[in-house]
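The values are calculated or read from the model by the stated rules, or taken from the named source; none is laboratory data. Just so you know, these numbers come straight off a predicted model, no measurement behind them. Positions of Cβ are backbone-derived with ideal geometry, glycine not excepted, and every protein chain shown enters the neighbour counts.
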2 protein chains.
Amino acid sequence: MEFQLEQATEILRSTPSTLNSLLRHLSDAWIFHNEGPESWSPYDVLGHLIHGEETDWIPRAKIILEDGEARSFEPFDRFAMFEKSRGKSVAELLDTFESLRGLNLKELEAMHLTAAELEKRGRHPELGVVTLSQLFATWVVHDLGHIAQVVRVMAKQYGDEVGQWRAYLPILVK
Amino acid sequence: MEFQLEQATEILRSTPSTLNSLLRHLSDAWIFHNEGPESWSPYDVLGHLIHGEETDWIPRAKIILEDGEARSFEPFDRFAMFEKSRGKSVAELLDTFESLRGLNLKELEAMHLTAAELEKRGRHPELGVVTLSQLFATWVVHDLGHIAQVVRVMAKQYGDEVGQWRAYLPILVK
């Protein structure tokens, strides 16, 4: 598929309710278990997504539009959420994510981006030259990747409980 | 996690609304593209999940409870949905899945399964001896695996659109 802002937004709009459906009514065991040392639980992923709404996507879009390649993005802190989420319930994190995502999509809409603007270039501190449309495509794939992670982490909690069926369940060995 | 029927049911209950949130409001391009030859689109996955509700989980649970190891399950047809879904809209498939899942969870609840019954054994035509709790754990992991598949297939549609960010998005190479 070629990038189209409206199609990308369809996914970005649905992620809060997808996560809400997946996580809001679950026992703590599903929410707080991870895949082993150095890995993230669904709870950690939620905090990471919130931090992205605050510091990554729209702020980087503004840097591209205002400064182009002249100014590198701030590096993204992949561990900030361990401190920031502390003491918050899953419901609070889901509500925060939904609210921030809604605000960011309003900001995006208010930008009234043209096809030419979507081709504007910026500079990633590690990856080099990127475009605005690539940033938004990455926002979409990043959402989908973390939904996949959340369900994979939950599936693995039953890795032993499925018995012989393990052979038919590739998600358990990813 | 050790298998507990109530915790398993939390996931089984949420899958229809998760898929609804993910898929109902998307453009056809997200719904009908797959990962290449012999692979499934989100639309195909929905049909597969419906066929599972009709022929797999609860019917197999009844075989275990009634006949134990004496009677092998019917083999599951992994391709039945290509014929059965023909001509149906995504909205129809989502509604059908939600309705069948609801009925199956009511049947499950009405079984009032005891811990001893959950340990009852049955015979899988290829895998051999399995237990009722393993069947239900597999139902959960099967749901989660297909949610992961749906989001992976959608993510891959933007495999080229993310540019250099590809290096940070493991979902694109799975």
**Item:** Criterion violated by A:Val173 - all others in (1) in contact with an Asp or Glu (Cβ under 7 Å, 6 or more places away or on another chain); (2) modelled with pLDDT under 95 satisfied
**Value:** (1)
**Prompt:** From the list A:Ile63, A:Ile58, A:Ile31, A:Ile50, which residue is touching a residue at least 12 places away in the same chain (Cβ under 8 Å) and in contact with an Asp or Glu (Cβ under 8 Å, 6 or more places away or on another chain)?
**Reply:** A:Ile58
**Request:** Please work out if B:Ser21 is away from chain A (no Cβ under 11 Å) and buried (at least 17 other Cβ atoms within 10 Å of the Cβ).
**Result:** no
**Fill in**
Within segment A:153-174, the count of residues that are within 21 Å of the chain's Cα centre (by Cα), among the charged types (D, E, K, R) and either surrounded by 19 or more Cβ atoms within 10 Å (Cβ to Cβ) or more than 27 Å from A:Asp56 (Cβ to Cβ) (or both) comes to 1
